[in-house]
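Reviewing the structure listed below.
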Amino acid sequence: MTKALLTGNEAIARGAYEYGVSVASAYPGTPSTEILENIAKYREIRAQWSPNEKVALEVAVGASIAGARTLCAMKHVGVNVAADPLFTYTYTGVNGGLVLVSADDPGMHSSQNEQDNRNYARFAKIGLLEPSDSQEAKEMVGHALEISERFDTPVMLRTTTRISHSKSLVELKDPQERTLREYKKDARKYVAVPANAKVRTHIKHQLLEELKEFSETTELNRVEWGDKKIGVVTSGIAYQYVKEALPHASILKLGFTNPLPLKRIAAFAEQVEQLWVVEELDPVMEEQIRAAGITVHGGKDQLTRIGEYSPSLIRQAVLGATTTTKQPASAPIRPPVLCPGCPHRGVFYALRNNLKVVTGDIGCYTLGAMPPLDSLDTTICMGASIPAALGMEKARPDQAQNIVAVIGDSTFLHSGITGLIDMVYNKGTSTVMILDNRITAMTGHQHHAGTGQTLQGEPASEVDLVALCHAIGVKRVRVVDPGDLAALDQAIKEETAVREPSVIIARRPCALIVKQTEPRLRVNHDKCVGCRMCMRIGCPAISFADKKSSIDPALCVGCKLCQQVCKFGAIVPEEGQ
Amino acid sequence: MKTVSILLVGVGGQGTILASKILSDVALRQGYDVKMTEIHGMAQRGGSVVTQVRMGEKVHSPLIEPGQADYIVAFEQLEALRWLHFLSDEGTMIVNTQRINPMTVITGAAEYPADALEQIKANAPRVVELNALEIAKQLGNMRVVNVVLLGAMAKQMDIPKEDWLASLEATVPPRFLELNRQAFQAGYEA
Ligand SMILES: Cc1ncc(C[n+]2csc(CCOP(=O)(O)OP(=O)(O)O)c2C)c(N)n1
């Protein structure tokens, strides 16, 4: 038997391979991204990046109706985008099994919120599986697909960052046969009009009752008896923390958590002196357990709703044990920064010089909010930059010429287009900058519909952003090189001055996807007067000591932005390269 | 066997991820259960990065908590200082004396603690310091800093050297293998 050390994401991809998935779709988002990147390596599976999560899920729905086992993956906030098809696909039911992977991010390691998507499973009334390590992550793909087909429902597999990005040992097995279920037209099932949905809702709720019974009997939920003083109901990564913190406690380990096996929980509670519910984030299980009249000794009254758990946090809450009091030394923080040569840097430098109100979006360019660039006013969610600019203009029409929306190329295709349509339709006059670095950089350089390549490496057509903006009705569309500060400055001045909507496409590939060909730069210390102008672009390659700037040759990629801001000609190419 | 907890801390781009791969491969060769967790969303953006590796008969939690690390391999001084309180009372700190200024220091918002190394020595039970960047430069490739540090760590651990070399071979592309062997050896002897 082969074993491999896999991340949760790699294990889910392996599960898709072993358990007969034929179609997989996703939009990238940490911590879910590597699921599709790894599935893409299996040539037996047709894997794709969709422009956003709603589209990804709808593709998965189509594949499922056509009879394929299907997996669709996204980060937690992606499910907000995909919620519309999700909620109705629970009425129609599936043909081939459909598993929706939601990768949540307690602690917000790389997210704008820490919503608990187990709530979605309850809300949509679908089955929910929560792996506690990579082995379970793999196997639960198989369970999810079976449950999906048996109970005619999409199923959610919910991970958290510590599952997605932790490695543990996984047994590898041969893949089962990849077959399609027969497709028969069945409009009364798949055409969700009121007349049909009114019938389906009864079927759905009947199946949900059956799923409840399944939850009571499945081996995905199991008791590990220990000392009966303390009994813990737990799931996901919290299970591992409980094992570590309370090695002698009795544990009801739940792998299948919606619907909850309330009878089993009640029986377990009878056997133990103190019942604890240990779950990260929301009291999803606890509230249901309490509502069922089961006495809970400790839950969210003792354990936080915020952030990640740890063994010591649990030990402290349950046993009152104090943990080590080692205090961190004071050390200046090391925030992530725009890379040397990043094309976004010039854009924010120019915007700051023009003192614009900047509605931002999500991507590497959100780092433009950090000092010294410090030039974003808002960031809410993907696609919000353009509508937020329009809203600001509606609230303060006199400010229209001072508002700029910035949005990345991947984000524009994800959910920026409709915002731009709104701006044109509702007579906004602000300026939109599309920061077209030719890739989805933030999440690790995924291709998208504008880059000319698919997830599985085939050449593809590219969305023509200029033509698209024209088609939407923007008359003023111009492309500038964000490596050219003067051109950027001029474009911003001209486009914000006009009383009509305009789009500036700042186009230059991400510095990490192009080979460096430009000579590195150095500071001529005879000419450097120590004015610190070059420090204002926030380049990690430039430092300042003894009243002079210096450039670290190991970091410089020769983008020449610093050269353009230096008024003394002190920054020159390094000789002899 | 007691579970051994190792933290690898550094700055995005320093190669902590490859180091952790080799380390966990070595652990598997010992027949240990291994868990490894990594927050790498910002790895390429020059932020702080940390990898946690735990090995033993049966490992439940992938997390290492303050006061629990048996070893910390710090790829940079300031990161060593930042994670110092994670070291256990018998723990060993292996620290690369290289300094990389964070943006907060570059912009003048904060100062790089001049006495970082002194603070570390005053508070860590055992410290192994080496200038891995200098060693890597002498070998002709600054990118092998990570393997130099692994060599230094291997010296401290109770695992046969051949196993380390086997893992190196299994993880590093063949054309870089000789260079990496040298880097490992140089770290081992440092
Ligand atoms: C709904 C949703 N899906 C996914 C993400 C994760 N995510 C954040 S930014 C981003 C895309 C960034 O690409 P782009 O707009 O091209 O900007 P870049 O990082 O290349 O500068 C993604 C996928 C998210 N935050 N929200």
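The values are calculated or read from the model by the stated rules, or taken from the named source; none is laboratory data. All values reported here derive from a predicted model rather than from experimental measurement. No Cβ is skipped: glycine too gets one built from the backbone with ideal geometry, and neighbour counts run over all protein chains shown. Note: areas computed on protein heavy atoms with side chains; ligands, DNA, RNA excluded. Shrake-Rupley method; radii C 1.70, N 1.55, O 1.52, S 1.80 Å.
I need the helices (runs of 4 or more DSSP H) fully contained in region A:110-169, keeping only those with at least 1 residues that are at pLDDT below 95.
none
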Query raised in the report: Are there any strands (runs of 3 or more DSSP E) wholly within region A:214-306 with 1 or more residues that are within 23 Å of A:THR161 (Cβ to Cβ), aromatic (Phe, Trp, Tyr) and in contact (Cβ under 8 Å) with a residue 12 or more places away in the chain, and if so which?
Result: A:256-258
Requested in this report: Output the number of the condition that B:ASP25 fails; it satisfies all remaining conditions of (1) under 26 Å from A:SER111 (Cα atoms); (2) among the acidic types (Asp, Glu); (3) in contact with a helix residue (DSSP H, G or I) (Cβ under 6 Å, 6 or more places away or on another chain).
Outcome: (1)
Query raised in the report: Which of the residues spanning region A:7-45 are among the acidic types (Asp, Glu) and within 14 Å of chain B (Cβ to nearest Cβ)?
Result: A:GLU10, A:GLU34, A:GLU37
Report task. Taking A:GLN112 as meeting all but one of (1) closer than 24 Å to A:VAL193 by Cβ; (2) within 16 Å of the ligand (Cβ to nearest atom); (3) surrounded by fewer than 19 Cβ atoms within 10 Å (Cβ to Cβ); (4) of a type outside the set (Asp, Glu), write down the number of the exception. Result -> (1)
Report task. Out of A:GLU494, A:GLU500, report the one residue that is open to solvent by 50 Å² or more (accessible area, probe 1.4 Å), acidic (Asp, Glu) and not in a loop (DSSP other than H, G, I, E, B). Result -> A:GLU494
Report task. Identify the residue in region A:354-374 that is in contact with a strand residue (DSSP E or B) (Cβ under 6 Å, 6 or more places away or on another chain) and either within 14 Å of chain B (Cβ to nearest Cβ) or not in a loop (DSSP other than H, G, I, E, B) (or both) and, among all such residues, is surrounded by the fewest Cβ atoms within 10 Å (Cβ to Cβ). Result -> A:VAL357
Query - Residue ID - surrounded by the most Cβ atoms within 10 Å (Cβ to Cβ), chosen from residues in region A:68-109 that are more than 26 Å from A:ALA238 (Cα to Cα) and within 10 Å of the ligand (Cβ to nearest atom) - result: A:ALA82
Query raised in the report: Quick check, is A:PRO509 more than 14 Å from every other protein chain (Cβ to nearest Cβ), under 20 Å from A:SER385 (Cβ atoms), within 16 Å of the ligand (Cβ to nearest atom) and touching a residue at least 12 places away in the same chain (Cβ under 8 Å)?
Result: no
Report summary line: Per the list (1) touching a Ser or Thr at 6+ places or on another chain (Cβ under 9 Å); (2) crowded, with 21+ Cβ neighbours inside 10 Å, residue check on B:LEU87 breaks on (1)
Report task. Determine, yes or no, whether A:ILE407 is open to solvent by 40 Å² or more (accessible area, probe 1.4 Å) and either out of contact with any Phe, Trp or Tyr (no Cβ under 7 Å at 6 or more places or on another chain) or in a helix (DSSP H, G or I) (or both). Result -> no
Requested in this report: Collect the residues in region B:99-127 that are open to solvent by 30 Å² or more (accessible area, probe 1.4 Å), under 18 Å from the mean Cα position of the chain (by Cα) and more than 10 Å from every other protein chain (Cβ to nearest Cβ), keeping them in residue-number order.
Outcome: B:ARG99, B:LYS121, B:PRO125, B:ARG126, B:VAL127
Query raised in the report: What about B:ASP70, is it of a type outside the set (A, V, I, L, M), surrounded by fewer than 21 Cβ atoms within 10 Å (Cβ to Cβ) and within 14 Å of A:SER166 (Cβ to Cβ)?
Result: no
Query raised in the report: Quick one: A:GLN399 ticks every box in (1) outside any helix (DSSP H, G or I); (2) at pLDDT below 95; (3) more than 15 Å from the ligand (Cβ to nearest atom) bar one, so which box is it?
Result: (1)
Report task. Give the residues of region A:16-48 that are within 14 Å of the ligand (Cβ to nearest atom) and open to solvent by less than 40 Å² (accessible area, probe 1.4 Å), sorted by residue number. Result -> A:SER25, A:ALA26, A:TYR27, A:PRO28, A:GLY29, A:THR30, A:PRO31, A:SER32, A:THR33, A:ILE35, A:LEU36
